[in-house]
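Single-structure report; data block below.
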Amino acid sequence: MKSKGGRLLIVFILVLLMIGVNYFFDKPQVRLKGREEAERFRLYANPSFEKWSGFEFTFLKAFYYTLGLRVYMGKLSEEYLAPPPFAKDPIVRTAEVVTRLCPYYYDIYYIANGYLTWDYGDVETANRLLEKGLEYTPERWIYYLYLGFNHFYFLKDYEKGAMYLVKASEVSGKPQYAHLASKLLYASGRTEVAIGILKGMIENTRDEGWKRGLETRLKALEGIYELEKAVEVFRERFGTLPQNLEELKNAGIIKGIPEDPYGGEFYIDEEGNVRTTSNLTYMD
Amino acid sequence: MKRVIELARITVKQAIKERSFYVILIATLLAVLAVPVLYSFTMFEVPRVLAGFALSYTNFAVLILMLFLVMNLSQTDLDRKTLQYVISLPIRRRDYVFGRFLGFVFFACILIFFILAIMVPFVALFSRMRPDAPFYIGYYFLYGVFLLIEVALLVAIALLFLSLTSRTIVSMFGVAGCYIVGHTMDEVAEFLRTGAGMNMPVFSKAVIQVVRYIFPNLALFDVKTAFIYGKGMDGMSLFLSLLYGVLYTVIVLLLAVVLFEKKEVY
């Protein structure tokens with residue numbers, strides 16, 4: 001057919017055929033792959049080579065690889081209740097490549113930290129990635145927050161966790177993380193360390209409102225620390241824990257029971273720990 | 001000077017008439033449609049991801065189109081014997097090279113800022129929907145300046161190769177090679193400073209150093225990350241990068257002129 005109309009018709013039919021072929025082969029292709037094939041993740045070259053071969057498009061490549069990982073984990077979540085063991089390697093490899101391509105790209109740190117800590121228990125790799133992120137973006141306080149949480153919750157390294165939380169407060173300008181650090185340290189029996197951290201924060205805080213909040217927390221913890229020392233003296237003297245704070249007063253170890261600036265009352269729990277009914281927050 | 005400007009004007013007109021220009025315009029409209037899709041895929045720092053996409057797309061589209069245009073129009077000159085005709089006129093050979101260069105660079109300038117102008121409103125709109133990172137409209141257009149310098153340098157290199165050979169495919173590979181070397185040389189230099197790099201044979205290190213000093217360092221113009229994340233925004237280093245680009249381009253262009261003066265055109 002040499003007419004224009006005839007040529008257009010041939011083109012139209014060929015385009016329809018093209019669409020038809022794609023449609024026909026779409027579903028069987030997925031079925032033929034099999035589950036094992038579909039669960040395999042892409043292979044990466046050496047991170048340095050990935051960066052070289054990205055030329056000026058490393059950011060886009062980082063985004064694309066991260067998106068690929070999210071899609072992969074999303075597909076696995078349809079088949080498995082929890083991320084399967086074989087998915088850990090793709091997460092780590094993708095994180096190594098993407099942080100090499102664009103170490104400023106936030107999403108990969110968030111994803112890797114979330115999966116590696118909660119699902120795979122590999123807190124050290126997660127922390128290593130977060131430390132790398134901080135090398136390039138030291139102003140990103142959220143990494144300090146994640147590191148603080150990881151140390152506190154997973155590694156039980158309370159002092160290091162508190163150090164990171166304090167740093168999160170300093171960098172973000174939000175004192176609540178330092179408050180949290182002191183509260184967590186107190187809860188884990190490290191009241192003295194919590195007091196030290198709060199004193200440091202008060203010294204370095206210029207905002208009067210925040211300073212007042214920190215000073216209130218400090219006063220409460222100092223009261224608790226005084227009572228904790230008194231409980232220890234009671235135990236050494238009488239070989240048993242006091243039933244209540246009045247016994248400390250009656251034994252002449254303390255002159256009076258300190259006041260909780262949050263409006264609560266200090267007491268001794270069954271294990272001999274000093275607690276307060278306010279839980280170190282203002283009562284209504 | 002009048003002849004140079006006239007040749008530049010003709011070059012711009014030819015470039016606009018090229019079908020590839022309209023293809024890029026359609027691709028840009030598709031890229032704009034991709035912005036909301038990208039928005040829905042982005043977890044955090046939406047303005048940064050959208051900025052990265054917009055600048056990367058602009059970079060890619062302009063580079064591909066300019067390389068294609070330079071090669072295509074030069075090939076046309078040779079095929080249709082336009083070049084012989086132009087040279088036989090009372091026009092200096094250097095005016096031809098300068099005119100072509102100015103025309104391509106002016107067209108690249110229009111293209112870059114046109115694409116950025118189309119993409120910026122959409123990027124700004126979606127960035128405002130989730131402003132969890134800063135959005136600097138000024139940086140978009142400042143990036144255009146760096147891209148323009150890089151394109152100008154590559155156009156000068158293309159003209160240099162075309163002055164050496166009449167085969168545009170050779171010129172295309174030459175430009176592609178310069179592009180690859182120019183963007184990877186920083187990484188190679190960094191590698192040489194590592195333990196593994198220091199153990200390399202002396203001859204290899206010498207070759208790499210020679211290559212470093214001959215080929216242009218195009219990584220200096222890759223300021224996307226700096227603009228998106230506000231890193232390395234020292235004014236002096238940006239100015240020096242631009243100065244480097246301008247100087248290198250001028251030198252390459254002068255080299256192209258010198259070689260073209262003696263080129264056998266048949």
**OP:** Would you mind stating whether B:Leu218 is in contact with a Phe, Trp or Tyr (Cβ under 7 Å, 6 or more places away or on another chain), surrounded by 12 or more Cβ atoms within 10 Å (Cβ to Cβ) and within 23 Å of B:Arg93 (Cβ to Cβ)?
**Re:** no
Subject >> Filtered residues of segment A:92-126 (kept if within 14 Å of chain B (Cβ to nearest Cβ), farther than 19 Å from A:Leu76 by Cβ and β-branched (Val, Ile, Thr)) >> reply: A:Thr99
Original post:
Taking into account only those residues within segment B:25-53 that are more than 22 Å from B:Met129 (Cβ to Cβ) and either crowded, with 20+ Cβ neighbours inside 10 Å or without any contact (Cβ under 8 Å) to a residue 12 or more places away in the chain (or both), which is farthest from the chain's Cα centre (by Cα)?
Top reply: B:Ile26
Original post:
Would you call B:Val62 within 21 Å of the chain's Cα centre (by Cα), at pLDDT 85 or above and within 14 Å of chain A (Cβ to nearest Cβ)?
Top reply: yes
Original post:
Given the conditions (1) surrounded by fewer than 20 Cβ atoms within 10 Å (Cβ to Cβ); (2) within 14 Å of chain A (Cβ to nearest Cβ); (3) more than 16 Å from A:Lys51 (Cβ to Cβ), which single one is not true for B:Cys178?
Top reply: (1)
Original post:
Can you pull out the helices (runs of 4 or more DSSP H) entirely within segment B:199-266 that have at least 3 residues that are away from chain A (no Cβ under 14 Å)?
Top reply: B:202-214, B:235-261
**OP:** State the number of residues belonging to segment B:43-59 that are at the interface with chain A (Cβ under 7 Å from one of its Cβ atoms) and of a type in the set (Val, Ile, Thr).
**Re:** 1
Subject >> In segment A:180-189, residue farthest from the chain's Cα centre (by Cα) [restricted to those that are surrounded by fewer than 24 Cβ atoms within 10 Å (Cβ to Cβ) and part of a helix (DSSP H, G or I)] >> reply: A:Ala187
**OP:** Can you tell me which residue within segment A:48-69, out of those that are touching a residue at least 24 places away in the same chain (Cβ under 8 Å) and facing another protein chain (nearest Cβ under 8 Å), is farthest from A:Cys102 (Cα to Cα)?
**Re:** A:Ser48
**OP:** Please tell me if B:Val70 is within 17 Å of the chain's Cα centre (by Cα), farther than 24 Å from B:Val120 by Cβ and surrounded by 19 or more Cβ atoms within 10 Å (Cβ to Cβ).
**Re:** yes
Original post:
Here are some conditions: (1) out of contact with any Asp or Glu (no Cβ under 9 Å at 6 or more places or on another chain); (2) more than 30 Å from B:Glu45 (Cα to Cα); (3) surrounded by fewer than 22 Cβ atoms within 10 Å (Cβ to Cβ). A:Lys174 meets all but one. Which one does it not meet?
Top reply: (2)
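Would you kindly identify the helices (runs of 4 or more DSSP H) lying entirely within segment A:72-179 that contain at least 3 residues that are charged (D, E, K, R)?
A:88-101, A:123-136, A:158-172
The values are calculated or read from the model by the stated rules, or taken from the named source; none is laboratory data. Values in this document were obtained by computation on a predicted structure and should not be read as measured data. Please note: Cβ atoms are built from the backbone with ideal geometry, for glycine as well, and neighbour counts cover all protein chains shown.
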